[in-house]
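*Asks:* Below is one structure. I have some questions about it.
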Amino acid sequence: MIPSTTPFTGLKLAAWDGIPDEEVVKQVLAGETALYEILMRRYNQRLYRVARSILRDDGDAEDVMQGAYVRAYEHLSQFAGEAKFSTWLTKIAVYEALGRVRRRGRTENLDPGLDAEHVMAKTKSDTPDPERQAYDRELRSALEHAIDTLPEIYRLVFVLRTVEGLSVAETAGCLDIEAEAVKTRLHRARSLLRKDLQQRAGIVTAQAFPFHLSRCDRVVAAVFRRIAPTV
């Protein structure tokens with residue numbers, strides 16, 4: 001949950017609800033640097049999920065997020081508005097994460113096995129009692145593990161389409177691939193996730209890889225420290 005007033009710039013985020021990203025960008029470029037926090041707050045969750053889907057490490061994902069935000073800020077004047085700001089920003093995060101992978105020289109198994117042994121039987125109760133909460137945690141953990149085992153090209157599409165809920169066109173734009181490639185990779189990702197796990201995953205898919213407030217605050221604060229000398 002994001003607070004109504006942020007602890008770093010004192011912004012009242014609710015006042016900016018419904019204001020397009022592009023308008024916020026214009027204000028930042030006009031000298032209202034503090035408003036950059038609005039954009040970070042809006043997309044911290046997405047960028048974390050995208051970076052983590054590539055790097056599969058929480059700490060590395062946060063580092064990439066910070067780098068992506070700093071790079072975006074430094075090149076904000078180059079944002080042409082031909083694509084949505086969210087797509088432009090997501091592409092920067094993808095490239096940052098892939099660059100880190102290349103620098104490390106990581107390789108992946110092209111057809112890893114899936115481990116869904118810890119998926120629990122679905123309870124019929126809708127009451128959020130302790131047992132159900134424990135079930136949700138177990139299921140989410142199993143889902144995240146299963147997603148992590150997907151090869152990168154399928155995992156990234158799955159996260160953008162299914163976890164983040166982006167459209168085919170938006171996903172294609174973020175990854176610089178054709179729409180048909182998005183559809184094919186998503187189909188392959190789903191086929192690699194065992195049918196039993198896929199049926200249960202829908203309950204908590206939107207909750208996978210949560211980016212909590214304390215971490216959101218940490219990223220925002222770190223980015224502002226890094227861009228401060230340029231303001």
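*Asks:* Which net charge results when you count Lys and Arg as +1 and Asp and Glu as -1 among the other residues whose beta-carbon is under 11 Å from that of Thr87?
*Replies:* Numbers: positive: Arg46, Lys84, Lys91; negative: Asp21, Glu82, Glu170, Asp176.
So the environment of Thr87 carries a net charge of -1.
*Asks:* Continuing with this model, one more query. What order, most packed first, do the peptides 148-161, 178-191 have when packing is the mean number of other Cβ atoms within 10 Å of each residue? Please report the intermediate quantities before stating the final value.
*Replies:* On the way: 148-161: 20.7, 178-191: 15.6.
Averaged packing, sorted descending, gives the order 148-161, 178-191.
*Asks:* So, one more: Contour minus end-to-end for Leu213 and Thr149, with contour as 0.36 nm per residue of separation and end-to-end as the Cα-Cα distance?
*Replies:* Values: separation 64, 0.36 × 64 = 23.04 nm, distance 2.70 nm.
Stretched out fully, the Leu213 to Thr149 stretch lengthens by 20.3 nm.
*Asks:* Once phi is turned into θ = phi - 60°, what whole-Hz ³J(HN,Hα) does the Karplus curve with 6.51, -1.76 and 1.60 give for every residue of the range 27-38, x standing for Gly and Pro?
*Replies:* Each residue of the range 27-38 in turn: 5, 5, 5, 7, x, 7, 4, 4, 5, 4, 4, 4 Hz.
*Asks:* Can you compute the FRET efficiency between Glu32 and Asp57 using 1/(1 + (r/R0)^6), with r the Cβ-Cβ distance and R0 = 30 Å? Round to the nearest 0.05.
*Replies:* Values: r = 34 Å, r/R0 = 1.14.
That gives a FRET efficiency of 0.30.
*Asks:* How big is the range 1-103 in terms of Cα radius of gyration and Dmax, in angstroms?
*Replies:* 13.8, 41
Values quoted throughout were computed directly from the atomic coordinates according to the rules given, and no laboratory measurement underlies them. These numbers come from a predicted model, not from an experiment. In this analysis, Cβ positions are derived from the backbone assuming ideal geometry, glycine residues included, and neighbour counts consider all displayed protein chains.
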